Amino acid sequence: MAQEDKPDLGSKPNAPSEKHEQEQARPANPSSLSADAEKDAQVEAAKARVAAAKEQAQKAAAPGPPKAPVKKKEEGPKPVDAANHPLVKKLRDKSDGAVIEASEFLGQLSIRIEPARIVEVCDALRRDADTPFNYLSDLTCVHYPDRKEAPFEVVYNLYSIPANERVRLKVAVDGEAVASVTGVWPAADWPEREVYDLFGVRFHSHPDLRRILLPPDWEGHPLRKDYPLEFVENKWTENHLPEFTDVQREQLEQRRAYGLEILSVPQEREVRELFKSGKEVMPKDK
């Protein structure tokens, strides 16, 4: 009787190893490999960012080189005392007590004069033999509201044509009045009228002291620093401007709100009507 083959019981323990070898021999799934590689790349990128942040924090914490000190802005020129100026000495010799103080700034000589002696000093400068200041180049005024004792300062800019020299005289005005220098320089007529019109400073002995820019019955002086900047409604506007209806007043307020104040001037309205009618404002050259 033939002997039947019996299974080798000792080979059972080797079955798992054979299965492992078969799994290793089997090709890997490509999709799983790509997902793992992507995760590894993300992990490496995160590590790189953390390392860069740490390095940046260490650099920021480390003390850097000291900054260079900020260079102070150089101060500009300042007025200097001009008590020893030849012209100042000459004025003090001729008019004792008339010169209050003198200063020089960038070659410009300024002399503050006693208000009651301004005509005397101007006449002495005009008749000076060496530097005759025969030209009044400008006469103006400055308003200092905080200076209660003398809020206005009249300024005279003089020029000597033969000597090519300049000097500036200043007079502090209290009570809004000072003597006129039209007897020394007749050209001071209109500048003094302008100062009177816009600042309210009166000039004694002026030949024709009246407003030169504004109407005679205008109230106030526009170049004073306490004068309002916006449109002014006063008695002059009530007396001379035509009365507006409620509609016209509303239109005027709208134009002012849009910055079109010029359209409220009667002359401007007349020009607009000329253009609307097709008329020529000025004849063209033929």
For this session: Go through the stretch 118-146 residue by residue and tally those that are out of contact with any Pro (no Cβ under 9 Å at 6 or more places or on another chain) and open to solvent by less than 60 Å² (accessible area, probe 1.4 Å).
Result: 11
Problem set entry | Unique match (being closer than 30 Å to Q254 by Cα and not aliphatic (A, V, I, L, M)) among P207, P151, P228 | P228
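State the number of residues belonging to the stretch 194-208 that are open to solvent by 20 Å² or more (accessible area, probe 1.4 Å) and assigned to a helix (DSSP H, G or I).
Number of matching residues: 3.
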For this session: Scan L214, L169, L241 and give me the residue that is modelled with pLDDT under 95, open to solvent by less than 50 Å² (accessible area, probe 1.4 Å) and of a type outside the set (F, W, Y).
Result: L214
Problem set entry | Residues located in the stretch 99-148, provided they are closer than 21 Å to G200 by Cα and part of a loop (DSSP other than H, G, I, E, B) | E114, Y144, P145, D146, R147, K148
For this session: Would you check which residues across the stretch 214-245 are of a type in the set (S, T, Y) and either in a loop (DSSP other than H, G, I, E, B) or touching a strand residue (DSSP E or B) at 6+ places or on another chain (Cβ under 9 Å) (or both) and list them?
Result: Y227, T245
Exercise. Since G259 meets every condition but one in (1) open to solvent by less than 60 Å² (accessible area, probe 1.4 Å); (2) out of contact with any helix residue (DSSP H, G or I) (no Cβ under 7 Å at 6 or more places or on another chain); (3) at pLDDT 70 or above, which condition does it not meet?
Worked result: (3)
Exercise. Residues in the stretch 149-156: is at least one of a type in the set (G, A, S), more than 22 Å from H204 (Cβ to Cβ) and either at pLDDT 95 or above or assigned to a loop (DSSP other than H, G, I, E, B) (or both)?
Worked result: no
Seminar exercise, completed: Across (1) on the phi > 0 side of the Ramachandran plot; (2) in contact with a strand residue (DSSP E or B) (Cβ under 6 Å, 6 or more places away or on another chain), Y135 clears everything bar (1)
Problem set entry | Single residue of the stretch 157-182 satisfying the filter (out of contact with any helix residue (DSSP H, G or I) (no Cβ under 7 Å at 6 or more places or on another chain) and part of a loop (DSSP other than H, G, I, E, B)) that is nearest to L139 (Cα to Cα) | E176
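Scan the stretch 147-166 for residues that are within 21 Å of V99 (Cα to Cα), open to solvent by 20 Å² or more (accessible area, probe 1.4 Å) and either charged (D, E, K, R) or in contact (Cβ under 8 Å) with a residue 40 or more places away in the chain (or both) and jot them down. Quick ask: steps written out before the conclusion?
Step one: list which residues in the stretch 147-166 are within 21 Å of V99 (Cα to Cα), which gives 147, 149-160, 165-166.
Still in the list and also open to solvent by 20 Å² or more (accessible area, probe 1.4 Å): 147, 149, 151, 157, 159, 165-166.
Passing the criteria: R147, E149, E165, R166.
Residues of the stretch 52-79 being under 28 Å from the mean Cα position of the chain (by Cα) and either surrounded by 10 or more Cβ atoms within 10 Å (Cβ to Cβ) or part of a helix (DSSP H, G or I) (or both), which ones?
P79
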Exercise. Is it true that A102 is open to solvent by less than 90 Å² (accessible area, probe 1.4 Å), at pLDDT 85 or above, in contact with a Lys or Arg (Cβ under 8 Å, 6 or more places away or on another chain) and under 16 Å from L158 (Cβ atoms)?
Worked result: yes
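The values are calculated or read from the model by the stated rules, or taken from the named source; none is laboratory data. Owing to the predicted nature of the structure, the values given are computational and were not obtained by experimental measurement. Note that we place each Cβ from the backbone using ideal geometry, even for glycine, and neighbour counts take in every protein chain shown. Accessible surface is based on the protein model in full, side chains and every heavy atom, while ligands, DNA and RNA are left aside. Shrake-Rupley method; radii C 1.70, N 1.55, O 1.52, S 1.80 Å.
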